[in-house]
Amino acid sequence: MSGNTFGKVFQLTTFGESHGAAIGGVIDGCPSGIELDLQAIQKDLNRRKPGQSAIVTQRKEPDEVQFFSGIFEGKTTGVPIGFAIFNTNHKSRDYDHIKDQYRPSHADKVYDDKYGVRDYRGGGRSSARETASRVVAGAIAKQFLPDVKFTAFVSSVGDIKLDKPYHNLDFDFIEQNPVRCPDPEKAAEMEDYIKKIRKEGDTVGGVITGVIQNVPIGLGEPVFDKLHAELGKAMLSINAVKGFEYGSGFEGAQKRGSDHNDLYNTDGTTKTNHAGGIQGGISNGMDIYFNVAFKPVATIMQSQKTINNKGEQVDMQGKGRHDPCVVPRAVPIVEAMAALVLADFTLLNRTIKK
């Protein structure tokens with residue numbers, strides 16, 4: 001299996017499966033001399049870990065990261081940073097019933113078709129548990145870019161949507177509710193809806209909005225390595241993501257140029273920001289904002305028709321511990337992937353200037 005490395009200069013390679021001994025990664029290209037706040041890294045992991053509220057999977061994992069290399073006396077040394085998060089609460093028997101069956105809309109069948117073998121325990125490598133390694137690397141990337149502020153929040157669950165622009169929201173409220181929505185009224189509505197969906201044995205999707213502030217001008221390359229293209233790749237690599245848009249996104253397609261153009265102020269900023277902080281694939285110094293759409297989790301607690309590995313139609317029903325809605329736990333993952341992209345382009349800029 002290839003495709004386990006992300007980034008060109010600041011690189012992350014991940015390993016491990018949902019029910020294996022551990023998941024983890026190797027970060028290569030991280031500059032030396034960065035003083036790391038290990039508690040801040042663990043805090044981001046805690047935001048992603050299972051069992052943190054009544055509306056997420058009840059798998060109990062401490063998700064404590066252990067570093068093996070690349071850090072000495074609290075600072076990065078410039079050599080590869082190796083780390084692992086050991087799995088302690090896997091219940092593989094919960095998946096015995098699907099070892100010969102394929103869950104609809106899950107990666108089960110294509111893994112079997114491609115590799116001729118699959119780890120059915122929790123989805124193996126296709127499990128979103130792999131994203132914990134991304135959060136570790138993203139937390140380090142954030143500390144490499146201390147002046148840049150990365151914020152993500154849930155902006156919709158099902159058809160319940162925020163109707164305020166991000167600059168009119170209270171970001172301090174994001175971590176004060178289990179949905180991670182910055183609007184108290186909408187957060188309560190979303191939480192009730194997720195609980196209702198869970199009782200019905202079903203799942204629901206949603207949207208996470210990301211905002212990156214204090215971005216320096218000049219990140220991104222203008223042809224194939226556009227900044228927004230790499231952000232899109234980063235977000236679309238997250239499990240269950242079905243769509244990405246930045247700036248005015250698809251709504252921009254409905255506007256005229258006279259309405260959509262961002263007119264300049266005398267200081268070089270723009271009066272509006274339909275471009276989403278990126279022009280010609282290069283950051284322009286304005287806020288970068290984007291939306292990431294997540295589908296409903298494929299494993300549901302209802303009976304469905306499917307096929308087994310013999311091509312026979314069978315009935316199956318999900319068992320075990322699963323998220324009824326993945327978006328609350330995916331918020332730190334979106335932040336992490338955004339940080340990895342900006343860290344990579346920052347180092348690439350340094351390389352080009354040399």
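Odds and ends about this structure:
- Charging the Cβ of each Asp and Glu at -1 and of each Lys and Arg at +1, and nothing else, the dipole of region 119-195 about its Cα centre rounds to 500 debye.
- The long axis of helix 227-236 is offset from the longest Cα principal axis of the chain by roughly 10 degrees.
- Stretchable slack from GLN66 to GLU189, in nm (0.36 nm times residue separation minus alpha-carbon distance): 40.5 nm
- Compactness of region 278-354, expressed as Rg and Dmax over alpha-carbon positions, Å: 20.9, 61
- Cβ crowding within 10 Å, taken as a proxy for footprinting-reagent exposure, orders ARG256, ARG198 from fewest neighbours to most as ARG256, ARG198.
- Estimated inter-spin distance, ARG350 and MET1, nm [label 7 Å along Cα→Cβ]: 3.2 nm
- FRET E, pair ASN168, LYS310, Förster distance 41 Å, beta-carbon r, rounded to 0.05: 0.15
- Net lengthening on full extension, GLN302/LYS271 (0.36 nm per residue, minus Cα-Cα): 6.1 nm
- The stretch between THR77 and ALA22 holds 17.4 nm of extra length on full extension. This uses 0.36 nm per residue minus the Cα-Cα distance.
- Two-site label geometry, LYS199 and LYS242: point separation in nm, points 7 Å out along Cα→Cβ: 2.5 nm
- Degrees, to the nearest 10: 131-144 long Cα axis against longest axis of the chain: 20 degrees
- Sites TYR264 and GLU175, calculated FRET efficiency, Cβ-Cβ separation with R0 35 Å, nearest 0.05: 0.45
- Distance between the modelled labels on LYS99 and ASP113, one decimal in nanometres: 2.4 nm (7 Å Cα→Cβ projection).
- For a straight C-alpha distance cut-off of 19 angstrom, the lysines reachable from LYS43 (same-chain residues fewer than eight places away being disregarded) are LYS60, LYS75, LYS142, LYS149.
- Among SER18, SER303, the order by Cβ neighbours within 10 angstrom, fewest to most, reads SER303, SER18.
- The relative contact order of the chain, computed from alpha carbon pairs under 8 Å that lie at least 6 residues apart in sequence, is 22 percent.
- Per residue, the chain reaches -8000 deg cm²/dmol at 222 nm when only DSSP H runs of four or more residues are counted, each adding -39500 (n - 2.57).
- Among ILE41, ILE174, ILE98, residue whose mean-square fluctuation peaks in a GNM of the chain (springs only between Cα atoms under 10 Å): ILE98
- For the residues ASP112, ASP344, ASP28, a GNM of the chain with alpha-carbon springs under 10 Å puts the largest fluctuation on ASP112.
- Lysines with Cα under 20 Å of LYS109, excluding same-chain neighbours fewer than 8 positions away: LYS99, LYS242, LYS295, LYS305, LYS310, LYS319
- Size of electric dipole in the chain: Cβ of Lys, Arg +1 and of Asp, Glu -1, about Cα centre, debye, nearest 20: 740 debye
- Residue with peak Gaussian network fluctuation, the chain [Cα springs, cutoff 10 Å], from PRO182, PRO332, PRO222: PRO222
- Note on the chain: dipole from Cβ charges, positive end direction compared against PRO104, ILE212, GLY268; the farthest Cα belongs to PRO104.
- Helix 327-353 and the long axis of the chain differ in direction by around 40°, with both axes built from C-alpha atoms.
- Each of LEU227, ILE140, GLY20 was placed along the dipole of the chain (beta-carbon charges, centred on the mean Cα), and the one lying farthest toward the positive end is GLY20.
- Kirkwood hydrodynamic radius of the chain, from inverse mean 1/r over distinct Cα pairs, in Å: 21.4 Å
- Two-decimal log10 I(q)/I(0) for region 79-204, as the Debye equation yields it once each C-alpha is a single scatterer, q = 0.15, 0.16, 0.18 Å⁻¹: -1.04, -1.10, -1.15
- Annotation: the antiparallel percentage among DSSP beta bridges lying fully within the chain is about 100.
- Bridgeable aspartates and glutamates around LYS271 (alpha carbons under 15 Å apart, same-chain partners fewer than 8 residues away excluded): ASP259, ASP262, ASP287.
Taken together, the values in this text are just the output of simple stated rules run on the coordinates, not laboratory data. Here the structure is a predicted model, which means the values were calculated and not measured. Because the Cβ atoms are built from the backbone with ideal geometry, glycine has one as well, and the counts that use them run over all protein chains shown.
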